[in-house]
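The values are calculated or read from the model by the stated rules, or taken from the named source; none is laboratory data. All of these numbers come straight from a predicted model, not from anything done at the bench. Glycine also receives a Cβ, built like all others from the backbone with ideal geometry; neighbour counts cover every protein chain displayed.
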Amino acid sequence: MMPSAPLDPNLANLVILRAFSRKYEPRETISYLDGIHSWAQRAKVPPVKWNIVRGKDSQFYAVPEFPDVHGREYAACCGQGSTQLLACQAATQYLQRYTGGIHVEQVRWKFGKFNSPGGLAHCAVPVVYGGPGFLQADEVIGRGPSHQAAREDSAQKLLELGYCRI
């Protein structure tokens, strides 16, 4: 079995969230706006917001401010331990050194197991996600005769095109 280092008190309250890996499938019975809000709560990301502008054609356009769901994997900071928590703790320390201690918006995890000379061990690879940003792609900008309709159109596009990941 791998030696178990005591938990670093600074990392004892580490929240372990798995990296986004698949498309979110909302329930059919709710509005797209409700679906996008449900996704944000379930995925534990900031809620989607929209910047609404009125076009020359009298339509409203909703540009979504959307959380980063792609992230950047730091395989060089893979931590190992006898539990997932200890592996995350080791990886967090590696990540802090690797990034020079800069603040990262959100870290999620990819986990694995492997056989070590001491038995089954866990590995944790950090995936760092940035803060929300405005999506400028035409495919996700909503359009409608009102603010609400433009947001609903954008939410539908975000959900149907696979932008919402869990």
Of the conditions (1) in contact with a strand residue (DSSP E or B) (Cβ under 7 Å, 6 or more places away or on another chain); (2) surrounded by fewer than 20 Cβ atoms within 10 Å (Cβ to Cβ), E160 clears all except one; give me its number.
(1)
Which ones in the range 100-135 are among the hydroxyl-bearing types (S, T, Y) and over 19 Å from the mean Cα position of the chain (by Cα)?
S116
Considering only the range 110-122, state which residues are among the small types (G, A, S) and either assigned to a strand (DSSP E or B) or within 14 Å of A19 (Cα to Cα) (or both).
G112, S116, G119, A121
Any chance the range 48-62 includes a residue that's exposed (fewer than 13 other Cβ atoms within 10 Å of the Cβ), in contact (Cβ under 8 Å) with a residue 12 or more places away in the chain and among the aliphatic types (A, V, I, L, M)?
no
Looking at the structure I just gave you, is R42 more than 14 Å from the chain's Cα centre (by Cα), charged (D, E, K, R) and modelled with pLDDT of 90 or more?
no
Just one of (1) over 19 Å from P67 (Cα atoms); (2) part of a loop (DSSP other than H, G, I, E, B) trips up R143, so point out which.
(2)
Among the residues that make up the range 19-27, is at least one of them at pLDDT 95 or above and in contact with a strand residue (DSSP E or B) (Cβ under 7 Å, 6 or more places away or on another chain)?
no
I'd like the residue in the range 75-93 that is buried (at least 18 other Cβ atoms within 10 Å of the Cβ) and of a type in the set (S, T, Y) and, out of all such residues, is nearest to R18 (Cα to Cα).
T92
If only one of V107, V125 is under 30 Å from A62 (Cα atoms), not hydroxyl-bearing (S, T, Y) and not in a helix (DSSP H, G or I), which one is it?
V107
How many residues are farther than 30 Å from C123 by Cβ and surrounded by 14 or more Cβ atoms within 10 Å (Cβ to Cβ) if we restrict to the range 37-47?
2
Filtering the range 136-157 down to residues that are aliphatic (A, V, I, L, M) and over 19 Å from the mean Cα position of the chain (by Cα), which residue is modelled with the lowest pLDDT?
A137
Among the residues of the range 80-90, is any at pLDDT below 90 and β-branched (V, I, T)?
no
Keeping to the range 128-140, report how many residues are in a strand (DSSP E or B) and among the small types (G, A, S).
1
What number of residues within the range 14-67 satisfy the criterion of being part of a strand (DSSP E or B) and not assigned by TED's automatic domain parsing to the domain that holds T83?
13
List the number of the failed condition for F60; all other conditions in (1) in contact with a helix residue (DSSP H, G or I) (Cβ under 6 Å, 6 or more places away or on another chain); (2) farther than 30 Å from R151 by Cα hold.
(2)
